Amino acid sequence: MRPLHPRSVRPRRLLRALLVWSWRARRATHLLAVAAALAGLGTLAAGLIAAGALRAQGDAERWVTHTHAVLAQLDTVRDGTLRSETSERGYLLTGDPAYHVAAGEAQARRAFAAARRLTRDDAVRQRQLDTLGSLLEQRLGQLRHIAALAADGEHPAALAVVRSGVGRRTQARLEARLDRLAAAERTLLVARLA
């Protein structure tokens, strides 16, 4: 085969070869641009999906933290009423004013108010807290009444109220309500952890 001499190649053939090569090069460039755009869109979509998953995970973690906070407040309500009851007994036994019902009462009230604030977006839980609130007020009122009787020197009357068991029954109903509320929150916690 003999080498082509530049004068032996026809200008039309050369022009056509250049045009074909140019078209193929542009087509390849366009394909590369399309492929790069598709890769960019894929990366963007993956990023959006990952961001959504992280946001959902963050929301789930906040709800888990929220549930733990509600459970802690419910436990504090229980602790406050039991502390008040213990203080009442100490006062009845010793007459020492250092055993004052008010500290436990304040603790229970603050925790109840915090639980109500934490669950303000849940109408069902608010109704349950309404019932708990009336039981809490009833129990704290009983404890204050017994302490007032003892402070006024009516120790036998205070002991008679304690022996009647009214306070024990109210405390049992209060604790049962707290247990139901805590069980409902734990059910939410299990769902939020899943």
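Being part of a helix (DSSP H, G or I), without any contact (Cβ under 8 Å) to a residue 40 or more places away in the chain and open to solvent by 70 Å² or more (accessible area, probe 1.4 Å) is a property that does not hold for Arg144.
Is it true that Thr131 is in a helix (DSSP H, G or I), among the hydroxyl-bearing types (Ser, Thr, Tyr) and surrounded by 12 or more Cβ atoms within 10 Å (Cβ to Cβ)? Criteria met by Thr131. Arg110 fulfils the conditions (1) over 25 Å from the mean Cα position of the chain (by Cα); (2) open to solvent by 70 Å² or more (accessible area, probe 1.4 Å); (3) of a type outside the set (Gly, Ala, Ser); (4) within 26 Å of Gln73 (Cβ to Cβ) except for a single criterion, (1). Among the residues of segment 113-128, those identified as part of a helix (DSSP H, G or I) and in contact with a Lys or Arg (Cβ under 8 Å, 6 or more places away or on another chain) are Gln126, Gln128.
Specify which of the listed residues (Ala176, Ala103) is touching a residue at least 12 places away in the same chain (Cβ under 8 Å) and among the aliphatic types (A, V, I, L, M). Criteria check complete, one pass: Ala103.
Results for (1) open to solvent by 50 Å² or more (accessible area, probe 1.4 Å); (2) modelled with pLDDT under 95; (3) charged (D, E, K, R), shown as yes or no for each residue.
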residue	(1), (2), (3)
Ala148	no, yes, no
Asp152	yes, yes, yes
His155	yes, yes, no
Ala158	no, yes, no
Val162	yes, yes, no
Thr170	no, no, no
Arg173	yes, no, yes
Glu185	no, yes, yes
Val190	yes, yes, no
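A single member of Thr119, Thr94 is among the β-branched types (Val, Ile, Thr) and touching a residue at least 40 places away in the same chain (Cβ under 8 Å), and it is Thr119.
The values are calculated or read from the model by the stated rules, or taken from the named source; none is laboratory data. As the structure is a prediction and not an experimental result, all values here were calculated from the model. Cβ coordinates were reconstructed from backbone atoms using ideal geometry, including for glycine residues, and neighbour counts include every protein chain displayed. SASA here: full protein model, heavy atoms, side chains in, ligands and nucleic acids out. Shrake-Rupley method; radii C 1.70, N 1.55, O 1.52, S 1.80 Å.
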